[in-house]
Every structure is written in structure tokens, then in C-alpha cells.
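Trainee: My questions all concern the structure below.
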Amino acid sequence: MDSEFLRELRQKYIQNPPEGMTAKLVQNMSDSDLLDMHDFLTEDDNLDDNDLEEGFYIF
């Protein structure tokens with residue numbers, strides 16, 4: 001993974017930590033944990049409202 005990308009991502013989350021986290025927690029995260037958190041927080045960003053993932057949905 002690009003070290004510059006990881007550094008910028010870490011700075012982003014240190015300046016604005018996700019709910020329930022602190023800047024210190026983000027600062028001390030491993031690169032792997034940081035990427036996992038970022039993937040979790042942005043997993044739905046690429047989905048259109050009309051493009052549902054396969055699965056079971058209750059509406």
C-alpha cells in the first residue's frame with residue numbers, strides 16, 4: 001500500500017475521528033486496522049440508490 005495514501009488517510013481521521021473514536025486511537029492504529037476502518041466507513045459510497053447488492057431485503 002502507498003505510504004503517502006496511508007499518511008493522508010491517518011491525518012484525515014486524526015483531524016476528524018469517527019464517532020466513538022479519538023484522535024489518539026486513530027494515531028495508534030495499525031495500517032491494516034486503519035484501512036479496514038476506512039473501507040467500512042466508505043463501503044456504500046459507490047452504490048447508486050437503484051443498485052442494490054444481491055441479498056435478502058425487507059422493505
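Trainee: Can you name every residue in the stretch 2-16 that is at pLDDT below 95 and in a loop (DSSP other than H, G, I, E, B)?
Mentor: Matches in the stretch 2-16: Asp2 only.
Trainee: Condition first: at pLDDT 70 or above and of a type in the set (A, V, I, L, M, F, W, C). Now tell me which residues in the stretch 17-59 satisfy that.
Mentor: Those that are at pLDDT 70 or above and of a type in the set (A, V, I, L, M, F, W, C): Met21, Ala23, Leu25, Val26, Met29, Leu34, Leu35, Met37, Phe40, Leu41.
The values are calculated or read from the model by the stated rules, or taken from the named source; none is laboratory data. For clarity, every value in this text was computed on a predicted model and none was experimentally measured.
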